[in-house]
Structures are given as structure tokens and as C-alpha cells.
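Asks: Sharing a structure, written as C-alpha cells. Questions coming.
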Amino acid sequence: MSAFVVDKEHIAYLVEAARLYEIVWYGPEDIQRLSKREDKGRLSHIGQMLWDENIRSVQARYPEDTIHEMPCKLADIPFVYGHTFTFRDGQITPLQVLASCGVYEYQACESDDWPETEAYRFIRALEKNAIVRLPGYSAARNFPTPDQQLRAV
């Protein structure tokens, strides 16, 4: 199967990383912001938005399947996300966030309008926030100066 519905823990990881990073993205009508003190109801709403987009993607990829036949790792249908997961210090790292965003996007990008969705904008904002947290990012120059000798790594 080339597309499947990710599990709740995957969605929770993305939502928790976004909360920790306090991301800002464009929602359907205005700018959305997350804070570290966000309430569980709002976090659940965001998680449901991500999960719904993943489900819509799988349905676009496998239009002949009913919701009960879709490829997924879930046993619970209907698909209702409730934010109940927490992660320990050190579990949310920039590299893991980027990898998790990549997996999610691969599963959620099958709809023709994926680049216009709120989930797409959320994932882009989360990726950008993770990139600037990578070790050495803040010390890197935006381009090498003419006097710098570049070395292959």
C-alpha cells in the first residue's frame, strides 16, 4: 500500500512538537498560533484536522475502498482524535520532528489540493521551526563569504 492512515501517536507527536515550538501557520481564514500552554481541546481540534486530511488523502488514493476498508494501523472507527498523549523531555527533537513530518506528508499528500490545505501549511510551519533548531543552524552563515574555504564533508 502506498498510502495509509497514520496512528494517533504519530498525530500526537506532530501536535506536541508544534505546541512545544509554538508554531504559527495560516488557518482557513486567519493566522493560527499555538502556545506551550494550549488547552487539550484545541490540541485535539488540530490533531483531528491533521487526521482528517490523512484520511481524505487515503480515500483519494483508494476511492474504491470504504472507510472500513482503508489501509490503516487503527482498530477504532470512527476516526476521532483525542489528545491524550504526552512525550518525555528529549523525545521531541528537530531531526525526529522532520522525519515525522515527512512520513505524515507522504501519507497525506494524495489529494489534488494538498498544497492548499491547512494541514499542508501546518506541516510546513512545523518543519521550518524544526530546521532552525537543528544543531549548528544558528551559527551557520546564510552563504559562504569569498574568503571562506569550503570543504566537502
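We did not get these values from a lab; they are worked out from the coordinates using the rules stated. None of the values given here were measured: they were computed from a predicted structure. No Cβ is skipped: glycine too gets one built from the backbone with ideal geometry, and neighbour counts run over all protein chains shown.
Asks: Go through segment 79-118 and give me each residue that's in a loop (DSSP other than H, G, I, E, B), among the hydroxyl-bearing types (Ser, Thr, Tyr), in contact (Cβ under 8 Å) with a residue 40 or more places away in the chain and surrounded by 12 or more Cβ atoms within 10 Å (Cβ to Cβ).
Replies: Listed by number, the residues that qualify are 81, 111, 117.
Asks: From 69, 29, 64, 38, which residue is in contact with a Lys or Arg (Cβ under 6 Å, 6 or more places away or on another chain) and either more than 19 Å from residue 123 (Cβ to Cβ) or assigned to a loop (DSSP other than H, G, I, E, B) (or both)?
Replies: Being in contact with a Lys or Arg (Cβ under 6 Å, 6 or more places away or on another chain) and either more than 19 Å from residue 123 (Cβ to Cβ) or assigned to a loop (DSSP other than H, G, I, E, B) (or both) holds for just one of 69, 29, 64, 38, which is 38.
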